[in-house]
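**Student:** After the structure tokens below, expect a handful of questions from me.
The values are calculated or read from the model by the stated rules, or taken from the named source; none is laboratory data. Because the structure is a prediction, the values reported are computed rather than measured. As a convention, Cβ positions derive from the backbone with ideal geometry for all residues, glycine included, and neighbour counts pool all protein chains shown. What goes into the accessible areas is simple: the full protein's heavy atoms, side chains included, and nothing from ligands, DNA or RNA. Shrake-Rupley method; radii C 1.70, N 1.55, O 1.52, S 1.80 Å.
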Amino acid sequence: MLVRAPGVYRPQPDTWLLAQAMTEAALPAGARVLDACTGTGALAIHAARTGAAAVTAVDLSRAAVTSAWLNSRLHGVRLELLCGDVTEVVADRTFDVIVANPPYVPSEEPRPAGRSARAWDAGRHGRSLLDPLCAMMPRLLTAGGTALMVHSALSGTATSLRQLRSGGLKATVVARTVIPFGPVLARRSGWLRDHGLIRPGQQHEELVVIRADRTR
């Protein structure tokens, strides 16, 4: 059970795909974990329950941070909760593990149209946060550290892999699943088609989890 304030991203298939990838990665016990764009705190709580020594959860939304705090209390885990832009509030720190389920939905609007839309809209190419996250992960990871990030293939799987590798990380796709369009993508399927992001008549998307390792 997870408490969710209005406007906070509801855990969905991308959340559970990433949680499964975390479990299968056998992340080291005693790790210092960063959960970027925590939302309800679902992934941060999962990290704490699977052996992390310390979990820092960050979100731009105060409602999300409040939801994550309530959920951490309900589930009996301790989280460090920070409200702000993840590219700024932890810029001078390092972590053994990073997990991220950022906004990644391509949008006609350069900025989210409302508070709720901040949880998923990420600019014309869906990369307004993916790009800075990929750029900062090499700096945030300790030697031997691992990052796991989930997003839609509509947002450019190859672009994420290329950016992570250019930062010196070993990056690969470790999980995939195909799901039907949710209400947001279904409503903008015409725009996605007109901009070459989906095929005519397409009503599904592929989700991917990318693992990036700092080997030195």
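**Student:** What's the extension gain from Ala91 to Leu70 if we count 0.36 nm per residue and subtract their Cα-Cα distance? Kindly include the intermediate steps, with their values, before the conclusion.
**Tutor:** Working: separation 21, 0.36 × 21 = 7.56 nm, distance 2.57 nm.
Difference between extended and current length: 5.0 nm.
**Student:** Still on this structure, please answer the following. By per-residue mean of other Cβ atoms within 10 Å, what is the highest-first order of 36-47, 61-72?
**Tutor:** Values: 36-47: 26.9, 61-72: 20.7.
Per-residue Cβ counts within 10 Å, averaged per peptide and sorted highest first, yield 36-47, 61-72.
**Student:** Hey, what number do you get for the chain at 222 nm if only DSSP H runs of n ≥ 4 count, each worth -39500 (n - 2.57), divided across all residues, to the nearest 500?
**Tutor:** -9000 deg cm²/dmol
**Student:** Using only the alpha-carbon atoms, what does the range 80-151 span along each of its principal axes? Please give whole angstrom values in decreasing order.
**Tutor:** 39, 22, 15
**Student:** For the chain, taking Cα atoms only, what is the radius of gyration to one decimal and the Dmax to the nearest whole Å?
**Tutor:** Rg and Dmax of the chain, Cα atoms, are 16.3, 48 Å.
**Student:** So, for the chain, what is the accessible surface per residue at a probe of 1.4 Å, expressed in square angstrom? Display every interim value, and only then the final one.
**Tutor:** Working: 10300 Å² over 216 residues.
Accessible area per residue: 48 Å².
**Student:** Now, a different point. Translational diffusion coefficient of the range 66-193 at 37 °C, 0.692 mPa s, Stokes-Einstein with Kirkwood Rh over Cα pairs, in µm²/s as a whole number.
**Tutor:** Numbers: Rh = 16.3 Å.
Taking Rh from Cα pairs, D becomes 202 µm²/s.
**Student:** Report the per residue volume, in Å³, of the convex hull enclosing the C-alpha atoms of the range 1-105.
**Tutor:** On the way: hull volume 9.6 nm³, N = 105.
Taking only Cα atoms, the range 1-105 has a hull volume of 91 Å³ per residue.
**Student:** In whole percent, and with a 1.4 Å probe on the protein chains, what portion of the accessible area of the chain is carbon and sulfur? Intermediate values should be presented prior to the final figure.
**Tutor:** Working: 5300 of 10300 Å².
For the chain, the apolar C and S fraction of the accessible surface comes to 51 percent.
**Student:** Can you give the relative contact order of the chain as a percent, counting alpha carbon pairs under 8 Å and 6+ residues apart? Kindly include the intermediate steps, with their values, before the conclusion.
**Tutor:** Details: 465 pairs, mean separation 41.4, N = 216.
Over the chain, the number comes to 19 percent.
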